[in-house]
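Have a look at the structure below, then the notes.
What follows draws every value from the coordinates through simple rules; no lab data is involved. Quantities reported herein were computed from a predicted structural model and do not represent experimental measurements. Cβ sites come from the backbone with ideal geometry, for glycine too, and all protein chains shown count toward neighbours.
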Amino acid sequence: MPVQEVCIKCRLLFLCLILKNLKFCDILIKIKNTLNQSREAGKENNMTDNTYGKVLASDELASFSRVILALQHLIAMFGATVLVPILTGFDTSVAIFCAGLGTLIFHFVTKGKVPVFLGSSFAFIPVILAVSESYGGDLAYAQGGIIVAGLIYCLFSLVVSRIGIRKIQSLLPAHVIGPMIIVIGMNLIPTAFSMAQSNFILAGVTLATALFIRFKTKGFVGQLSIIIAVFVGYIFSIVMKEVDFSIIRDASLISAPSFRLPKFDFGAIAMIAPVVLAVFMEHLGDITTNGQVVGKNFIEDPGLHRTLLGDGLATMAAGFLGGPANTTYGENTGVLAITKNYDPSILRLAAIFAIILSFVGKIGGVLSSIPTAVMGGISLMLFTMIALVGTQTIKNSKVKFNFKNVLVMATILILGLGSDYLSKLLGFTIGVRITDTIVISGLSFAALVGIVLNQILSIRIKK
């Protein structure tokens, strides 16, 4: 049998094993029934009360059940975590390793109380790409910016612990954060379309599969829309002979992730650091949602300052090792809602699995062999969803559409989405020039202007 045919069958077997995890749904139903029985029997034993119900103590889970639950959390975060390095050029194995390490750091800082998983952040994609383009593809400079962004997160945690969350929120209200998130998503869509152009058929099949699963299925299967869509797109790619299997053949079975040191430049830092303003509210929303699902107020205990510090240190660690920035993942909060098991140690076990997985070189080879068009199709959905999150932020916060708020939102959107066009139209650069080649523009400039404008208008209205 030819070597290439063997490789093809091995890769198909690997992908089928991933899809086979869909059977977790049946297993989870059995686990859920077992846990319900345990709750009734354990009311007088090791059950921990909280405001909204019962949280199962970790020692009541059998080892097998814990492994299954941990693997499900790993699957839930896997698709998005590897997509960010694929889009930006970072090493996928390093990203997986940093996700696992970052999760463990977060749990250590938050005293092991918050059941979250950290993965690659989509919010940093546009600025990482911008830095890569400005510095000749050298992502080490992006790493430097990511480290500083993580440091700012740590400083935020200090400020929050000193002055409280309400004063911070007054600087970053929904009518400032919402448009910033919209700009992040909208600026990414052209990149996704460019990727899809290499083969619109593959991109269309992948996108259609993802949308169908996302909106026509319920429960855990709906959370696997990314993995299933990429799997279907990959199978179509094999049929259409669009997959380069030499990448997989050349990859080592076991290999250490390609860690690399960062480089620091003020221009790159200025382009990346302002994104923290947008992801701050994302973090606040994720921690609040997680607490609502679990039935605890994690903003108070262990405290927002600790969750911010954990996120910041995890992001700094990723920057030093050569990975993209980390962020708390809503996908895993969804898994918590399905399983009704909120044991944080399950997330830590998933983090250990992620670290182990990062040393399997063949997995990186398989991921690298996924055609660009397949990733373009899935990216079109993901980036559009990011923009929709921005609109939902404005809607859910019940922002008043008065003159001040509308002016601030319009300013952020116009500067964030149209700065390049305006620069060409007016004949000068819309932004702050740092050097001859580095300019703070786009989202970074729009965020700074939006925050300052909102404060100035608020002061004038009070007077």
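Details
- Part-to-part distance (alpha-carbon centres) for segment 288-358 and segment 84-116, which is given in Å: 8
- Across segment 381-463 the C-alpha pair distances fall into 10 Å bins from zero in the proportions 16, 40, 32, 12, 1 percent.
- Structure note, pairs Lys111/Lys167; Lys241/Lys424; Lys241/Lys340; Lys296/Lys395; Lys111/Lys404: Cα-Cα distances above 32 angstrom occur for Lys241/Lys424; Lys241/Lys340; Lys111/Lys404.
- Paramagnetic label reach from Leu158 (point 7 Å along Cα→Cβ; backbone nitrogen cut-off under 20 Å): within segment 96-121, residues 106, 109-110.
- Packing-based ranking of 315-321, 201-207 yields 315-321, 201-207, ordered from highest to lowest mean Cβ neighbour count within 10 Å.
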